[in-house]
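Shown next, in structure tokens, is the structure this report addresses.
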Amino acid sequence: MIQNEFLVYKNNELGFQWQNQFRSLKNIMSNYQGPVFVYSQDLIKGRAQQLRAALPDVNFYYAMKANAYPEVLKILANEGFGADVVSGGEIEHALNCKIPMSKMVYSGVGKTKIELRNALKNNIYQINVESVPELKRIAQIANELTVKAPVAFRINPDISIQTHPYIATGLKDNKFGIDLSQIPEIIQIAKDNRMAISVVGISLHLGSQMLEFGSLQESLEKLSDVFLSLSKEFSECLRFDFGGGLGIIYEDQNLSSEDHKLKEYADAIHKGLMRLKSSIPNIVLQSEPGRWLVGHAGVLISQIQYIKKTPYKEFIILDTGMNHLVRPSLYEAYHHVLPLIKNENRNVKLYDIVGPICESSDFFAKSRQISEVRQDEFIVIMDCGAYGATMSNDYNRQPRAVELLI
Ligand SMILES: *Cc1c(COP(=O)(O)O)cnc(C)c1O
């Protein structure tokens, strides 16, 4: 049985609830120095185990751009996850968190010479190649180092998914992946560089925050043909990496509905790869989940600086903003907002919830109905575990938010 809610009030205090274990957020605020991202160890661990159980024949590489807090990486490493990395900085950080190069998949369209040289020198597990010139660069560096580069071709299937356009990646006019028409060219380059290039598989990533999986299944079927033609040319081609992208529900707490989505997702993968699995029984399946593992497991807690009333609006002005959580400004993302302490005697009011940054796009919610709150009280922004702290910046010279794990 899957529980439905994971952030609940007990004795009017908000806290993480996971399998009979309640952890209040109130005490963390007793020594408040500024906004805090708080992550739940129980929830991250629970999600990791649930994902592995749903897809038992898949090897997972956690997309650490979602949340790279060291303790979070350690939990996932202990659960057997490798890392999906997208820069030399992430590789270094993953190594510091005890994830070895032999468990890293390296994605991204802009890998530099220095980054590739370091990755190849240190025997990275897999490089997902996103373009013809990248493949040529890898071949050249691998030749110089006299190593064989383990490359998977990230193919752009030209299939759309239902998500925000800024986080869709699998369309032909996106910068990601190799266009289907260029496959003969990359095969030729790889053949011409057999000493330097080992074609270990293909990869795919359709985009993020996917909650419908018809397009995923269609892409897997489409790329199965590509895989079969590659495996005829390259006997070492055995890995099928189907990326990340499984979404979470931000609008309300509904873990049982997400459980259902997870089943649909696993089903789409199973069906999409059925034909390929029967022709290549020793195929190695890989996935790069990010958001699904950590999204719900983090909150951003902030103190109300002012309640500002105008003839038109009532603003809650916080000490955190788009500098710490850019998703509402960047993707018009929805985040639920709750008071840290529940007060039964207060009425519901209509607020715009905004930050201190000098931009009109610096808001968390507009015309949001929540229970009345007052200056100096604490507000909890839900579902900030993914693409929260990792996307933050110091615009306006505001300090970063602290992160901690409970
Ligand atoms: C961002 C990304 C992921 C993870 O996406 P989620 O939606 O967080 O699961 C996986 N693979 C690649 C290549 C990515 O860029």
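Of all residues in the stretch 156-170, those satisfying the criterion of being without any contact (Cβ under 8 Å) to a residue 60 or more places away in the chain, in a loop (DSSP other than H, G, I, E, B) and either open to solvent by less than 20 Å² (accessible area, probe 1.4 Å) or closer than 16 Å to SER131 by Cβ (or both) are ASP158, THR169, GLY170.
Across the stretch 106-117, the qualifying residues are those that are in a helix (DSSP H, G or I) and touching a Gly at 6+ places or on another chain (Cβ under 8 Å), and the one among them that is farthest from the ligand (Cβ to nearest atom) is ILE114. Of the set (1) at pLDDT 95 or above; (2) away from the ligand (no atom under 16 Å from the Cβ); (3) on the phi < 0 side of the Ramachandran plot, all apply to SER367 but (3). There is no residue in the stretch 226-237 that is touching a Phe, Trp or Tyr at 6+ places or on another chain (Cβ under 8 Å) and within 15 Å of the ligand (Cβ to nearest atom). Go through the stretch 123-140 and count every residue that is within 16 Å of the ligand (Cβ to nearest atom), in a helix (DSSP H, G or I) and open to solvent by 20 Å² or more (accessible area, probe 1.4 Å). Residues flagged as within 16 Å of the ligand (Cβ to nearest atom), in a helix (DSSP H, G or I) and open to solvent by 20 Å² or more (accessible area, probe 1.4 Å) within the stretch 123-140 amount to 0.
Scanning the stretch 141-160 for residues that are touching a Gly at 6+ places or on another chain (Cβ under 8 Å) and small (Gly, Ala, Ser), we see that the one that is nearest to the ligand (Cβ to nearest atom) is ALA152. Can we say ASN393 is without any contact (Cβ under 8 Å) to a residue 12 or more places away in the chain, out of contact with any strand residue (DSSP E or B) (no Cβ under 9 Å at 6 or more places or on another chain) and outside any strand (DSSP E or B)? No; evaluated as a whole, the condition is false for this residue. Among the conditions (1) open to solvent by 40 Å² or more (accessible area, probe 1.4 Å); (2) more than 15 Å from the ligand (Cβ to nearest atom), the only one that LEU120 does not satisfy is (1).
Criterion applied to ALA297, ALA333, ALA268 was being within 16 Å of the ligand (Cβ to nearest atom) and either free of Cβ contacts under 8 Å to residues at least 60 places away in the same chain or of a type in the set (Asp, Glu) (or both), and the one residue passing it is ALA268. Any idea which of (1) among the polar types (S, T, N, Q); (2) within 19 Å of the chain's Cα centre (by Cα); (3) open to solvent by 10 Å² or more (accessible area, probe 1.4 Å) is the one ASN143 doesn't satisfy? So the condition that ASN143 fails would be (2). Would you check which residues across the stretch 352-406 are open to solvent by less than 40 Å² (accessible area, probe 1.4 Å), farther than 20 Å from SER24 by Cα and over 27 Å from the mean Cα position of the chain (by Cα) and list them? Of everything in the stretch 352-406, those that are open to solvent by less than 40 Å² (accessible area, probe 1.4 Å), farther than 20 Å from SER24 by Cα and over 27 Å from the mean Cα position of the chain (by Cα) turn out to be ASP352, ILE370.
The values are calculated or read from the model by the stated rules, or taken from the named source; none is laboratory data. All figures in this text were calculated on a predicted structure; none of them were measured in a lab. A quick note on method: Cβ atoms are made from the backbone with ideal geometry, for glycine too, and the neighbour counts reach across all protein chains shown. Each accessible area value is taken on the protein alone, full model and side chains, heavy atoms only, with ligands, DNA and RNA left out. Shrake-Rupley method; radii C 1.70, N 1.55, O 1.52, S 1.80 Å.
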